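The values are calculated or read from the model by the stated rules, or taken from the named source; none is laboratory data. As the structure is a computational prediction, the values presented were derived from the model and not from experiment. Cβ placement follows ideal geometry from the backbone for every residue including glycine, while neighbour counts extend to all protein chains displayed.
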Protein chains: 2
Amino acid sequence: MTKNNRPPLTQLVQRGELMSADCPSREILLHMTSRWGVLVLMVLAEGTQRFSTLRRKIGGISERMLSHTLQALEGDGILQRVSYPEVPPRVEYTLTPLGQEAAEKVSALADWIEVSVPRFLQARADRVRKP
Amino acid sequence: MTKNNRPPLTQLVQRGELMSADCPSREILLHMTSRWGVLVLMVLAEGTQRFSTLRRKIGGISERMLSHTLQALEGDGILQRVSYPEVPPRVEYTLTPLGQEAAEKVSALADWIEVSVPRFLQARADRVRKP
DNA sequence: CGGTATCCGTGCAGATACTG
DNA sequence: CAGTATCTGCACGGATACCG
């Protein structure tokens with residue numbers, strides 16, 4: 001379309017082989033764009049954080065969902081969990097290099113949506129006025 | 001982090017006001033990154049398509065989910081539905097300018113994941129070998 | 001502090017059948 | 001051709017309680 005070089009996905013889309021159930025990319029995309037995954041990525045982009053810090057910065061998330069989200073992202077190699085054998089316990093979460101790239105990509109998408117919200121609302125209003 | 005200029009979202013994340021339930025951006029992100037939303041965007045990026053064409057190019061999608069996905073994206077102003085009063089019926093779907101931008105952003109994310117799959121798999125393998 | 005276990009309600013997605 | 005209607009299951013997420 002606006003780009004002259006074909007993106008790899010386009011080829012696969014045309015052959016109906018993109019993002020099939022057997023491809024891990026679907027699962028990774030799911031984790032990265034999940035309700036809390038986006039927020040975890042953006043908060044961790046600020047730097048290493050503890051569990052309770054993450055919980056405080058991400059308003060409204062339960063311990064369960066934070067734990068699950070962190071496990072999913074750790075499983076994808078997006079972040080690293082480091083547990084220190086101390087009392088009281090301390091656990092720190094850090095983005096891997098892969099995770100830092102992931103955070104950039106997700107931020108790019110989320111930022112675009114954020115700044116485009118007025119246009120989305122305008123489009124909605126136009127459809128109401130002249131359907 | 002790697003960028004020097006603060007993205008708008010970062011500010012909001014720190015104040016816990018990002019992507020709250022009342023913000024339409026969450027819903028738009030959901031539609032754009034949903035299982036079928038991604039594929040619809042990428043197929044429509046090729047140009048205007050009919051319902052049955054979309055169904056054929058996106059392997060495995062049911063009529064119900066294609067219909068629902070198209071309605072959601074139309075509701076966001078991402079695509080336009082044009083119905084021609086003929087027999088047999090003909091309906092065409094076209095990305096709006098907003099939708100074309102959306103498709104580019106989603107492609108950028110999806111392409112990155114796609115080309116990064118080997119690195120994701122490598123990260124997984126490393127954790128298995130040295131947990 | 002940093003979690004896990006369990007229960008449970010809601011909503012999304014699939015299958016199937018029918019329609020203008 | 002281009003959908004809608006209905007049923008249904010099961011995964012996702014919230015609340016609660018408990019543990020190292």
statement: Among residues of the range A:52-62 being without any contact (Cβ under 8 Å) to a residue 12 or more places away in the chain and within 9 Å of DNA strand C (Cβ to nearest atom), the residue surrounded by the most Cβ atoms within 10 Å (Cβ to Cβ) is A:R55
Candidates A:E86, A:E104 - the one that is more than 16 Å from DNA strand C (Cβ to nearest atom) and acidic (D, E): A:E104
field: Test result for A:E86, at pLDDT below 95, among the acidic types (D, E), part of a loop (DSSP other than H, G, I, E, B) and closer than 23 Å to B:L39 by Cβ
entry: no
- prompt: With respect to the numbered conditions (1) away from DNA strand D (no atom under 16 Å from the Cβ); (2) within 16 Å of B:R119 (Cα to Cα); (3) charged (D, E, K, R), which one is the sole condition not fulfilled by A:D111?
  reply: (2)
- prompt: Based on what the data block shows, is A:Q49 within 16 Å of DNA strand C (Cβ to nearest atom), touching a strand residue (DSSP E or B) at 6+ places or on another chain (Cβ under 8 Å), among the polar types (S, T, N, Q) and within 11 Å of chain B (Cβ to nearest Cβ)?
  reply: no
- prompt: What are the residues in the range A:83-130 that are away from chain B (no Cβ under 11 Å), surrounded by fewer than 19 Cβ atoms within 10 Å (Cβ to Cβ) and not aliphatic (A, V, I, L, M), if any?
  reply: A:S83, A:Y84, A:P85, A:E86, A:P88, A:P89, A:R90, A:E92, A:T94, A:R129, A:K130
message: So, in the range A:39-81, exactly how many residues are more than 14 Å from DNA strand D (Cβ to nearest atom) and farther than 17 Å from A:Q100 by Cα?
response: 3
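Go through the range B:23-46 and give me each residue that's over 14 Å from the mean Cα position of the chain (by Cα) and more than 10 Å from chain A (Cβ to nearest Cβ).
Matches in the range B:23-46: none.
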message: What pairs come out if I take residues in the range A:63-75 that are closer than 13 Å to A:M32 by Cα and pair them with residues that are of a type in the set (V, I, T) whose C-beta lies under 9 Å away, six or more apart or interchain?
response: A:T69/A:V40; A:T69/A:I61; A:L70/A:V40; A:A72/A:I78; A:L73/A:V40
